[in-house]
Every structure is written in structure tokens, then in C-alpha cells.
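Below is one structure, written out as C-alpha cells; comments come after it.
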Amino acid sequence: MAQHPFSYSHATLQQLAADALAYARQKGATASEVDVSEGFGQSVTARCGEVETLEHNRDKGLGVSVYVGQRRGYASTSDFSAKALQETVDAALDIARFTAEDDCAGLPAPELLARAPLELDLYHPWDLSVEAAIELAQRCEAAAFAEDPRIDNSEGASVSTQEAQFVAANSLGFMGGYPTSRHSIACSVIAGKEEAMQRDDWYVTHRDAACLDAPEAVGQQAARRAAARLGAKKIGTGSFPVLFEAPLAAGLLGHLVQAASGGALYRKASFLLDALGTTIFPDFFQLRERPHLSGALASSPFDNDGVRTKDREVVKNGVLEGYFLSVYSGRKLGLPTTANAGGSHNLLLEPGAHDFPGLLRQMGRGLLLTELLGYGVNYVTGDYSRGAAGFWVEDGQIAYPVEEITIAGNLRDMFKNIRAIGRDVQIRGSKQTGSILLEGLTVAG
């Protein structure tokens with residue numbers, strides 16, 4: 001593995017974790033768990049050819065949970081001294097002793113813990129000087145201005161690089177951790193003037209900077225998107241097919257994850273309560289969780305509870321096969337953990353037969369969504385209402401841009417009314433999907 005410029009060695013983080021666990025046991029904790037981490041990075045933004053912001057960050061922290069029977073306490077510190085570590089454990093113990101008992105509190109069953117190390121290629125340091133980062137950002141923005149003469153202004157182009165490492169451990173003998181990286185290039189520009197102005201953006205992100213698109217390509221894509229929105233119109237109200245562009249389609253998967261998460265379920269704050277084993281999507285809908293993909297943005301050998309992750313089918317032939325559960329939420333629901341403490345891991349929605357132009361042809365007449373505004377999702381009822389912008393489609397071709405519209409429906413109906421999934425997969429985070437075509441959404445101008 002490449003050398004990394006962290007302030008602390010991995011062995012030092014391990015020792016800090018071991019010291020916290022030992023002190024907690026000495027002071028009367030019946031069980032304990034600890035997470036020690038540090039990270040650093042830089043972000044540069046250039047606007048209209050000049051450096052607008054230059055940020056450096058370097059952070060560290062230690063958090064410890066202790067259990068006194070089934071009473072839990074938590075405390076954290078950014079001071080790694082022995083005195084601060086002991087004071088943090090003492091504070092967590094004080095909280096635990098005054099906390100009500102919770103029969104679902106506690107560590108995972110020992111057999112669920114990740115014991116064997118697993119190399120997932122998640123760390124690729126980027127030795128990027130400030131001067132080089134500025135140059136990349138300026139090239140990105142310059143390419144946007146050069147792409148189309150209607151690009152008159154910019155919100156800036158940015159280049160960010162972040163690296164981190166952590167160690168997680170508990171009193172059952174689990175200890176694991178590894179370094180990670182995440183790098184990105186982004187650009188946001190404005191086309192037109194005064195009342196006719198339109199803005200749009202584009203970004204790419206990856207653990208390995210060598211896999212990022214060229215900064216010029218990012219700027220050009222941002223410019224094309226902004227210019228394409230000039231001359232936007234309003235449309236009348238009606239019920240139409242709606243095509244969610246791939247970056248927005250990932251948000252639909254995010255709504256599924258939220259509604260199927262243990263916290264929402266045991267609080268009875270989800271429209272998917274008791275939906276396990278029922279059909280909620282069309283039969284061609286296949287959603288898989290793959291936590292061990294090499295180099296992927298949401299890969300992990302274990303979750304925040306230390307439970308080893310594994311491949312699973314979340315939705316199979318349209319049937320919801322699995323929730324997203326931590327040890328605690330699983331116990332609250334009387335179900336086993338799905339190793340999702342901390343979130344989902346690489347959700348892959350199986351693509352359909354059509355590329356993006358093919359989806360437009362399948363839709364025929366309707367709305368292509370490229371931007372969603374505001375937040376109007378009620379997870380208890382599934383009601384969905386968002387401000388939106390995009391393009392009107394006629395005869396399978398983009399006709400003109402539209403703005404100041406609202407789309408509305410219910411997530412339960414929206415999931416069932418998915419008609420196609422595209423092959424135009426965008427990978428920007430934990431959810432990988434192509435564009436998604438839905439029938440029967442209400443569009444209000």
C-alpha cells in the first residue's frame with residue numbers, strides 16, 4: 001500500500017482504541033466500543049479565472065460507547081492524550097449510569113463480527129499541490145466558457161481531495177480499520193443574462209484521481225447543460241410519463257433506503273412498514289447490494305457495528321427481500337441485522353435494454369427531469385411533491401426546456417409504475433442506476 005501522510009500511524013490508532021477499551025473495562029463497563037479516526041484534505045475553487053476559495057482541513061476524533069448492563073452512554077473527544085481519553089470514557093460511563101435501560105442495547109453477537117481483513121482498494125492518495133489544484137480548476141472553468149458563447153458567468157469550478165483513516169474496535173475482540181480517499185472535480189456555470197439566466201452544473205468523483213474525467217470534460221458538460229436550458233417555458237397541468245435522469249434516479253433509490261431503514265420502521269414512520277416479502281416494484285426490478293466491489297465509493301468489509309458485510313438481494317423480481325438494519329434496529333424489529341449500521345453499501349440497480357435516447361423514444365411524450373428543487377417527501381404516507389425543471393419531450397425527442405413546475409405522486413405508486421431502467425449508469429456514490437422512466441405522475445405548471 002502507498003505511503004500516506006497521516007499524523008498518526010495505523011498502529012497508534014489501534015493502541016488508542018485498545019487503551020480506551022481497557023480503561024472502560026477497568027472502570028466497570030460491561031461492554032464497550034470505540035472509533036478513532038483522522039482525516040485531511042484540501043479544496044480549491046476558481047471563479048472567473050481567479051482563485052475564490054482555498055480550504056485545508058485536518059480533523060481527528062475518538063468516540064466511545066460504553067454499556068453498563070443495558071444502559072448505554074456515549075462521549076467523544078478530539079484530544080488524543082491519555083488524560084483526555086480517560087475523561088471521555090468517564091463521561092460516557094456517567095451518561096450510561098443515568099440512562100434508562102434498553103433491552104435492545106448492546107454489542108453484536110460475536111459470530112457476526114468481521115474477523116478476517118479484506119482489501120478493497122479504497123485508498124488512493126493524490127499528491128496534488130495547491131498550485132496544481134488551482135490550475136485544474138481554472139482549466140475546468142475555462143473549458144466551460146469556451147464550450148458555448150452563451151456562458152456568461154460562473155459559480156466556480158472546484159477540485160477537492162480528501163483522505164482519511166480509522167480504527168473501530170469493541171470489547172468482544174473485534175478490531176478493524178483502513179485508510180480511504182475521495183477526490184472530485186465540479187463546475188457550475190450560468191448561461192444567458194438577467195431574467196433569461198439559467199444555471200447548471202456537473203461533477204465527477206472517485207477514490208482514485210486517475211479515474212476522474214479530465215477537468216475540461218467536466219466544464220464542457222456543465223456548459224452544455226446550462227446552455228440547453230435557455231428559453232425554458234412553463235407547461236400546463238396533467239398526468240404524464242416522467243423520465244428521471246440517472247443522477248436524479250439515484251434519489252429514488254435513496255427514498256427506498258430511507259423508507260426501508262430500521263430507524264423509520266421501528267418508529268412506524270415509513271409507508272413500507274410490514275412490506276418485507278411483498279411486491280413493491282415491477283417484476284423486472286432487481287436491486288442488489290454489493291459491499292465488496294474493489295475501489296467503489298460505498299464498499300466496506302464491515303458496518304459501523306463491526307458486523308461483516310455480505311452480498312444480498314434487496315429487491316428480487318420486484319419483491320422487497322431485505323430492509324436496511326443495524327444491530328439495534330434489527331433487535332427493535334425482531335429481525336437480524338443486515339450489516340447496514342451507517343447506511344447502504346453499493347446498491348446496484350440492474351439496467352434495462354435501452355440507452356438514454358431509447359428511453360426517450362419509449363416515453364414518446366412527457367417530461368425529462370434534470371433538476372429537483374426543495375424537499376417534499378412524507379415517508380409515513382409516501383406522498384411526494386417536488387419543484388422541478390427539465391425538458392419537454394415530443395415524439396421521443398427533446399422539444400424544449402421547461403421550468404417552474406411541480407411533480408407529485410405517491411412513492412408506493414411511483415415504485416409500482418416504473419416502466420423502464422436505462423443503461424446510462426452514473427456512479428457518484430452508494431447507488432448505481434441508469435435513468436428511470438415512470439408512468440402517471442402529476443405535472444403542474
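Some points to look at:
- With both labels modelled 7 Å from their Cα along Cα-to-Cβ, the residue 214 to residue 316 distance reads 4.5 nm.
- Amide H contacts under 5 Å for residue 124, placed H, 5+ residues apart: 181
- Most mobile listed residue (428, 72, 97) in the chain, GNM with C-alpha springs under 10 Å: 97
- For residue 154, distant residues with modelled amide H under 5 Å away: 190
- Backbone phi angles across the range 114-127, fed through the Karplus curve with coefficients 6.51, -1.76 and 1.60 (θ = phi - 60°), yield HN-Hα couplings of 6, 10, 8, x, 9, 8, 10, 6, 9, 10, 9, x, 10, 7 Hz in residue order; Gly and Pro are listed as x.
- Note on residue 25 and residue 50: the model spin-label points, each 7 Å out from Cα along the C-beta direction, lie 6.0 nm apart.
- Cα lying deepest toward the dipole's positive end in the chain, options 80, 397, 341, charges on Cβ: 341
- For the range 1-104, taking the reciprocal of the average inverse distance between every pair of different Cα atoms yields a Kirkwood hydrodynamic radius of 15.6 Å.
- In the range 31-162, the ratio of gyration radius to Kirkwood radius, Rg to Rh, stands at 1.22 when only Cα atoms are counted.
- Computed over the range 48-105, Kirkwood Rh from alpha-carbon pairs, angstrom: 13.6
- Area projected by the alpha carbon convex hull of the range 369-445, averaged over all directions, nm²: 5.9
- Equivalent ellipsoid of the range 348-399: semi-axes from √(5λ) of the C-alpha gyration tensor, largest first, are 25, 16, 9 Å.
- Debye-sum result for the range 127-183 in log10 I(q)/I(0), which assumes one identical scatterer on each alpha carbon, at q = 0.20, 0.27 Å⁻¹: -0.81, -1.05
- Förster-model FRET efficiency, 41 Å R0, residue 78 and residue 361, C-beta, rounded to 0.05: 0.15
- 14 Å beta-carbon shell around residue 96, net charge (K/R +1, D/E -1): 0
- As an equivalent ellipsoid, the chain spans semi-axes of 41, 30, 18 angstrom, where each value is the square root of five times an eigenvalue of the C-alpha gyration tensor, largest first.
- Residues in the range 243-284 that a label on residue 423 would reach, taking backbone N under 17 Å of a point 7 Å out along Cα→Cβ: 246
- Annotation: per residue accessible area for the chain equals 44 Å², rounded to a whole number [probe 1.4 Å, protein chains only].
- Placing one equal scatterer on every Cα of the range 136-261 and applying the Debye formula, the log10 ratio I(q)/I(0) at q = 0.13 Å⁻¹ is -0.73.
- Just so you know, the averaged projected area of the alpha carbon convex hull for the range 31-76 sits at 4.3 nm².
- Translational diffusion coefficient (Stokes-Einstein; Kirkwood radius from C-alpha pairs) of the range 1-40 at 20 °C, 1.002 mPa s, in µm²/s: 185
- Farthest toward positive dipole pole in the chain [+1 Lys/Arg, -1 Asp/Glu at C-beta], among 212, 130, 411: 411
- Karplus (6.51, -1.76, 1.60) ³J(HN,Hα), θ = phi - 60°, over the range 404-417, in Hz, Gly and Pro reported as x: 6, 10, 10, 10, 9, x, 10, 4, 4, 6, 4, 4, 5, 9
- For residue 312, the residues whose amide H sits under 5 Å from its own are 289, ignoring neighbours fewer than 5 places away on the same chain, with H placed 1.01 Å from N.
- Long hydrophobic helices in the chain: the complete DSSP H runs spanning 15 Å or more by Cα along their own axis with mean Kyte-Doolittle hydropathy of at least 1.0 are 246-259.
- Note that the range 320-336 has calculated 3J(HN,Hα) couplings of 6, 9, x, 8, 10, 10, 8, 4, 5, 5, x, 5, 4, 9, x, 10, x Hz, one per residue in order, obtained from phi through the Karplus relation 6.51 cos²θ - 1.76 cosθ + 1.60 (θ = phi - 60°); glycine and proline are x.
- Rounded to the nearest 20 debye, the dipole magnitude of the chain is 1180 debye, with +1 charges on Lys and Arg beta carbons, -1 on Asp and Glu beta carbons, and the Cα centre as origin.
- Relative pair counts by distance (%), Cα atoms of the range 320-410, 10 Å bins: 14, 25, 32, 19, 9, 0
- Percent accessible area from carbon and sulfur atoms, the range 339-445, protein chains only, probe 1.4 Å: 47
- Using the Cβ of residue 225 as centre and a radius below 11 Å, the other residues enclosed give a net charge of -3, where K and R count +1 and D and E count -1.
- Magnitude of the charge dipole, the range 296-376, Cβ model with Lys/Arg +1 and Asp/Glu -1, debye to 20: 180
- The lysines within cross-link reach of residue 316, meaning a Cα-to-Cα straight distance under 27 Å and a gap of 8 or more places when in the same chain, are 268, 332, 416, 431.
The values are calculated or read from the model by the stated rules, or taken from the named source; none is laboratory data. Computed from a predicted model, the values in this text were never measured in an experiment. Glycine gets a Cβ as well: all are built from the backbone with ideal geometry, and neighbour counts include every protein chain shown. Heads up: the accessible areas ignore ligands, DNA and RNA and are worked out on the full protein's heavy atoms, side chains in. Shrake-Rupley method; radii C 1.70, N 1.55, O 1.52, S 1.80 Å.
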